[in-house]
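Here's the structure we're looking at; comments come further down.
No value in this document is a laboratory result; all are computed from the given coordinates. Note that the coordinates shown come from a computational prediction; the quantities given were computed from them, not determined experimentally. Every residue, glycine among them, receives a Cβ derived from its backbone with ideal geometry; neighbour counts consider all protein chains shown.
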Amino acid sequence: MLLFLAVALVVALAALAGCSRAPAEELFAAGGVPEAPGSTLQVNVPPPPFSDGVFPCSSCHDPELKVNTKQRKLKVAHQEIELKHGTEARWCLDCHDPADRDQLHLASGEKIPFEESYRLCGQCHGEKFRDWRAGVHGRRTGNWDGEKQYLLCVHCHNSHAPRFAPIKPESAPVPPRRTESPAGGAER
Amino acid sequence: MRVLRSFLRFVSGSARIVLRGNSLYWSWIALLVTLIFVGARAYAHQLSTGLLATSMRDQVSWAFYIGNFTFLVGVAAAAVLLVIPAYVYEWKPIKEVVILGELLAISAIVMAALFVLVDVGRPDRLWHLIPGLGLLNVPASMLAWDVVVLNGYLVLNVVIVTWLLFTLVRGRHPAKAIFTPLVLFSIPAAIGIHTVTAFIYSGLSARPFWHSAILAPRFIASAFCSGPAVLLVLMQLLRKYTRFEIQDLAIWKVAELMAYSMGFNLFLFGAEVFTEYYAHTEHLVHMRYMFTGVEGHTEIVPFMWASFGCSVVAFVLFLIPRTRRHWVTLNLGCLLIYSGVYLEKGMGLVIPGLTPDTLGEIYEYGPSRGEWQVAIGIFAIGFLLFTLMVKVATPIMLGEFRVGARVASDAAPRPAGAH
Amino acid sequence: MSGDTRGALDCEAVDTTGCGRPGAGEGTVSRRDFLCAMAGCIAAATTAGCGEFTHTPFFRKHLRELSKEEIARILAELGKELSEQYGKPVTVGIDAARPGVQFAYALDLSRCVGCRRCVKACVKENNQGRDPAIEWIRVLEMDKDKGIDFEHANPYYEAEQVPRPGHFYMPVACQHCRDAPCVKSCPTGATWAEKDGIVVIDYDWCIGCRCCMAACPYGARRFNWTEPKVPAADVNPQMHYLGNRPRPKGVVEKCTFCVHRVRAGRYPACVEVCPVGARKFGNLNDPNSEVRYVLENKRVFVLKNELSTRPRFYYFYGI
């Protein structure tokens with residue numbers, strides 16, 4: 001169990017290094033294999049990226065303690081998380097399961113592991129979810145006629161503030177320039 | 001065998017003729033040879049560096065060289081079109097100058113071919129165009145068709161001229177039954193070469209400035225003006241410095257035909273201007289680039305207005321009989337019409353067609369020094385070729401150069417003041 | 001003409017029947033004899049050496065006229081030459097189109113942020129010249145309120161961050177048209193559409209007339225105005241004869257859908273590198289491919305539709 005966590009942490013750190021809450025920049029090695037329920041689709045997807053030293057959440061959140069389910073601004077912990085994800089209609093516990101913080105929960109109450117967070121995203125973002133499963137939303141690498149590598153929603157989108165931050169573009173092309181030089185001389 | 005011997009005497013006699021001349025002649029030759037060297041040196045640099053030595057770039061990938069090519073194909077086509085009044089309408093005063101038109105056509109085609117040679121990125125691969133050896137993409141490619149018709153036209157003219165001169169030089173007259181059809185065939189051939197050249201442009205849907213049905217008629221109309229201008233000047237020079245008799249009437253008739261041709265050209269131009277400016281679609285940008293500039297890019301604007309001005313003034317000068325018949329205004333008109341059409345076919349066709357490019361980018365092109373030098377070298381080659389051919393043809397036409405069993409093959413001595 | 005009887009260049013052994021004149025005298029070579037003998041020598045040399053000559057680049061025939069053996073030989077020679085030139089093992093393949101495959105490309109305009117990583121990845125993958133810098137993909141920055149308006153598009157935008165507010169980005173490269181005007185206009189047939197739809201150029205056949213560049217409505221083609229330079233360290237050694245092998249001076253080049261990758265089943269480099277997943281590629285004949293999904297479910301359009309070039313490159317709005 002510890003070994004798994006260690007490996008997951010290493011992979012997560014590597015993933016995080018590449019995916020700095022801006023669009024994913026590098027290829028990922030194949031990892032866990034989640035499937036959409038009812039689908040025979042087998043895809044290679046790396047495990048979800050976890051923030052440093054946070055998981056498992058139950059190390060702080062004792063399941064025995066009473067939960068304050070009122071929507072509020074957090075003061076004791078997690079203040080650094082800026083929630084910019086439909087805050088008019090939802091807050092933390094609409095996705096994080098109040099009873100078991102090591103899991104998420106769907107609108108039906110069904111608990112789902114973090115590895116299946118895409119199902120949670122897909123509840124509201126149905127069209128994107130459908131497109132993601134078809135390979136049209138999000139980045140894929142690999143073979144058009146064979147094995148492909150997907151990414152989870154959370155590999156590119158920060159679930160608390162999913163909108164991409166702008167990035168620095170690569171350099172512009174060089175505009176065409178005349179090379180005025182005497183015949184026989186060197187050009188630019 | 002006798003024919004071969006006569007031919008060899010024709011060749012050696014011609015060589016003697018071109019090697020004989022007064023100081024004016026030799027100064028002219030020296031100038032041309034110098035310019036050819038300048039061009040050759042610039043081309044050698046271009047060969048080693050690549051076409052980067054020109055100012056062409058991806059955005060404006062055809063420019064000065066192709067503009068000159070297009071203009072010269074027009075000259076070649078028009079020169080031969082003097083044939084129409086001579087042979088179709090049996091207009092005697094022009095008959096003797098038909099051959100001069102053909103000589104001009106040959107020189108123009110050679111120059112046009114040279115401009116293509118210097119424009120291609122891989123001149124060592126031009127053999128790829130030879131059907132059989134290479135692969136000529138007919139019927140799809142208009143450029144491939146142009147290769148066919150231009151070479152065919154060159155061969156036609158060389159055959160006609162060589163045969164005519166060789167026949168005359170032996171004191172005979174060419175058999176009308178063969179000669180006349182050949183010459184008459186050069187009429188549709190001339191229209192054909194310039195139409196196919198126009199189709200290279202007008203077939204390109206990517207370039208809305210060119211993609212117009214009116215382009216081919218405009219090419220013919222503007223060609224009719226430019227080619228004969230050179231001939232008019234030449235005819236005046238010939239009758240002044242040689243015993244060549246050319247009636248005033250012939251010269252004036254040619255000028256009159258040029259006037260109508262320019263009138264038609266201006267009409268077609270007006271039609272284009274109306275069509276673009278009235279509806280002012282996105283495609284207007286190319287014409288605006290020519291006449292008012294776009295986004296501060298105004299480099300070709302003065303030239304376009306100059307071209308228009310030259311064309312209109314020349315039109316008027318040739319239209320009014322008094323100015324047409326006055327030698328000063330006639331020659332001024334020739335200069336103006338030549339310049340006007342040169343600017344129109346070069347800058348006024350190729351550059352605006354490619355500026356802005358297909359993705360809206362504007363690259364302001366202007367020929368590099370190397371391009372100027374290569375172009376001057378090519379024009380010098382053409383002028384040299386034309387000079388040498390005319391120098392040989394004139395005494396033949398005048399009966400002063402004959403070969404045969406009895407007649408000496410040297411040209412008769414020139415009167416004083418002639419070349 | 002020493003009397004040495006080795007090989008086909010032995011002129012004395014060349015039959016000059018009919019050329020020699022009786023009574024020419026010993027020791028003298030008449031002008032006619034000499035000319036005839038030279039002609040014989042040249043003829044012999046040509047027939048003996050002809051096989052050699054046709055394999056040098058100068059005499060090479062059009063690719064589609066070469067036999068399989070000749071092509072294999074050319075590729076091996078090319079690989080060797082390039083390996084020496086770049087100091088690393090280079091292989092040049094010529095994978096053919098797979099039967100039943102029709103490639104198509106779809107680009108999500110709602111996602112492209114104009115970061116140009118596709119441009120740079122393409123340059124590296126396809127060994128494009130660095131000086132002058134050639135880039136097959138051109139990203140146009142456009143105004144949202146003007147829509148797709150090429151006249152006001154800007155490929156030279158510089159910004160600290162993209163996307164810039166009020167702008168959207170449209171990368172343009174070869175559209176691999178089904179009815180390509182460039183293919184039609186090429187006078188030597190140096191460019192053509194392969195069976196899987198990729199429009200390719202035979203760099204050893206192109207004469208550099210740039211008719212195709214005039215004909216292309218999308219500004220997709222680039223010309224090698226001078227000898228292109230690719231630093232050896234940056235060379236991608238997996239090459240395709242019709243794709244990313246280094247091009248000579250004076251020929252045209254353009255996007256090939258990464259023919260060396262896609263015919264091995266992989267995505268093109270631009271598709272893989274795009275950080276926002278805006279680029280989709282696949283086989284239109286495969287009902288499960290991403291491109292089929294896009295064409296069936298999204299609003300797609302093509303550039304300059306009115307020109308009826310029928311591109312294989314579609315733009316769509318994912319959102």
Item to check | For B:TRP62, distant residues with modelled amide H under 5 Å away | outcome: none
Checklist entry - So which GluC sites (Glu not before Pro) in segment C:88-182 pass both tests, a DSSP loop state and at most 10 other Cβ atoms within 10 Å of the Cβ? => result C:GLU158, C:GLU160
Checklist entry - Other chains near C:286-292: what is the mean number of their Cβ atoms within 10 Å of each residue's Cβ? => result 3
Checklist entry - Each label point is 7 Å from the Cα along the Cα-to-Cβ direction; what then is the distance between the points at A:CYS92 and C:ALA72, in nm? => result 6.9 nm
Item to check | Sites B:PHE185 and C:LYS88 - FRET efficiency at Förster radius 60 Å, r taken between beta-carbons, to 0.05 | outcome: 0.50
Next on the checklist: On a 19 Å Cα-Cα criterion, which of the cross-link pairs C:LYS61/C:LYS229; A:LYS128/C:LYS280; A:LYS148/C:LYS120; C:LYS88/C:LYS229; C:LYS124/C:LYS254 come out too long?
Outcome noted: C:LYS61/C:LYS229; A:LYS148/C:LYS120
Checklist outcome for this item: Percent antiparallel among DSSP beta bridges confined to the protein assembly as shown, rounded to 5, stands at 75 percent
Checklist entry - How large is Rg/Rh for segment B:120-240, to two decimals, with Cα atoms and a Kirkwood Rh? => result 1.06
Next on the checklist: If you average the C-alpha positions of segment B:118-163 and of segment B:11-25 separately, how far apart do those two centres end up, in angstrom?
Outcome noted: 32 Å
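DSSP loop (so not H, G, I, E, B), at most 15 other Cβ within 10 Å: list which trypsin sites (Lys or Arg not before Pro) in segment B:8-57 pass both filters.
Taking segment B:8-57 and a limit of 15 other Cβ atoms within 10 Å, the loop trypsin sites (Lys or Arg not before Pro) found are B:ARG20.
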Next on the checklist: Suppose the Debye formula is applied to equal point scatterers at every Cα of segment B:13-124; what is log10 I(q)/I(0) at q = 0.14, 0.19 Å⁻¹?
Outcome noted: -0.81, -1.08
Checklist entry - Add -39500 (n - 2.57) for each DSSP H run of 4 or more in the protein assembly as shown, then divide by its residues: what number comes out at 222 nm, to the nearest 500 deg cm²/dmol? => result -14000 deg cm²/dmol
Checklist entry - Taking a ≥ b ≥ c as the square roots of the eigenvalues of the Cα gyration tensor of segment C:103-317, is the shape rounded (a/c under 1.5), prolate (a/b larger than b/c) or oblate? => result rounded
Checklist entry - Which whole number gives the average count of other chain Cβ atoms within 10 Å of the Cβ atoms across peptide C:306-318? => result 1
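For C:GLU81 and C:SER110 in the same chain, what is the full-extension length gain: residue separation times 0.36 nm, less their Cα-Cα distance, in nm?
6.0 nm
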Checklist outcome for this item: Connecting every pair of Cα atoms under 10 Å apart in chain B and solving the GNM, the largest mean-square fluctuation among B:PHE185, B:PHE264, B:PHE318 falls on B:PHE185
Item to check | Ordering of B:197-203, A:91-97 by burial proxy (mean other Cβ atoms within 10 Å per residue, highest first) | outcome: B:197-203, A:91-97
Next on the checklist: Compute a Gaussian network model of chain B, connecting alpha carbons closer than 10 Å, and tell me which residue from B:GLY192, B:GLY296, B:GLY346 fluctuates the most.
Outcome noted: B:GLY296
Checklist outcome for this item: Given Cβ charges of +1 for Lys and Arg and -1 for Asp and Glu, the option among B:GLY192, B:VAL316, B:LEU100 whose Cα lies farthest towards the positive end of the dipole of chain B is B:LEU100
Checklist entry - In chain B, which helices (entire DSSP H runs) extend 30 Å or more along their own long axis, judged by Cα positions, while averaging at least -1.0 on the Kyte-Doolittle scale? => result B:23-49, B:98-119, B:142-169, B:176-202, B:215-241, B:248-279, B:369-397
Item to check | Unit charges on C-beta of K, R, D, E only; dipole of segment C:103-317, Debye | outcome: 260 debye
Checklist entry - Picking from B:VAL18, B:VAL392, B:VAL328, which is most flexible by a Gaussian network model of chain B using Cα springs under 10 Å? => result B:VAL328
Checklist outcome for this item: Filtered hits (aspartates and glutamates, Cα-Cα < 13 Å from C:LYS68, offset >= 8 within chain) -> C:ASP95
Next on the checklist: So for each of A:133-146, B:370-383, A:104-117, A:54-67 I average, over its residues, the number of other beta carbons within 10 Å; can you give me the resulting order with the highest mean first?
Outcome noted: B:370-383, A:133-146, A:104-117, A:54-67
Item to check | Fully extended contour minus Cα-Cα distance, from C:ASP143 to C:GLN238, at 0.36 nm per residue | outcome: 30.3 nm
Checklist entry - If you put +1 on each Lys and Arg Cβ and -1 on each Asp and Glu Cβ, how big is the dipole of segment B:21-397 around its Cα centre, in Debye rounded to 20? => result 1440 debye
Item to check | Label-to-label distance, nm, for residues given as B:VAL158 and A:ASP100 (7 Å Cα→Cβ offset) | outcome: 9.2 nm
Checklist entry - So if we plug the beta-carbon distance of A:VAL174 and B:ARG172 into 1/(1 + (r/R0)^6) with R0 = 60 Å, what FRET efficiency do we get, rounded to 0.05? => result 0.35
Checklist entry - Among all the lysines, which ones have a C-alpha under 21 Å from A:LYS73's C-alpha, if same-chain residues fewer than 8 places away are not counted? => result A:LYS84
Checklist entry - Rg(Cα) of segment B:21-397 divided by 2.2 N^0.38 Å? => result 0.99
Next on the checklist: Just to be sure I understand the model, the point goes 7 Å from the Cα along the line to the Cβ. What's the resulting B:LEU117 to A:GLN123 distance in nm?
Outcome noted: 7.9 nm
Checklist entry - Once the protein assembly as shown is represented by equal point scatterers at the alpha-carbon sites, with solvent omitted, what log10 I(q)/I(0) does the Debye formula produce at q = 0.08 Å⁻¹? => result -0.87
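State the extension gain, in nm to one decimal, for the chain segment bounded by B:PHE291 and B:ILE376, taking 0.36 nm per residue of separation less the distance between their alpha-carbons. The partial results should precede the final answer.
Details: separation 85, 0.36 × 85 = 30.60 nm, distance 2.73 nm.
Value of the extension gain: 27.9 nm.
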Checklist outcome for this item: Check: C-alpha center segment B:341-358 vs C-alpha center segment B:240-307, spacing in Å is 13 Å
Item to check | Averaged over B:43-56, number of beta-carbon atoms from partner chains that fall within 10 Å | outcome: 6
Next on the checklist: Using a Förster radius of 56 Å, what is the FRET efficiency between B:VAL18 and C:LEU295 based on their Cβ-Cβ separation? Nearest 0.05, please.
Outcome noted: 0.20
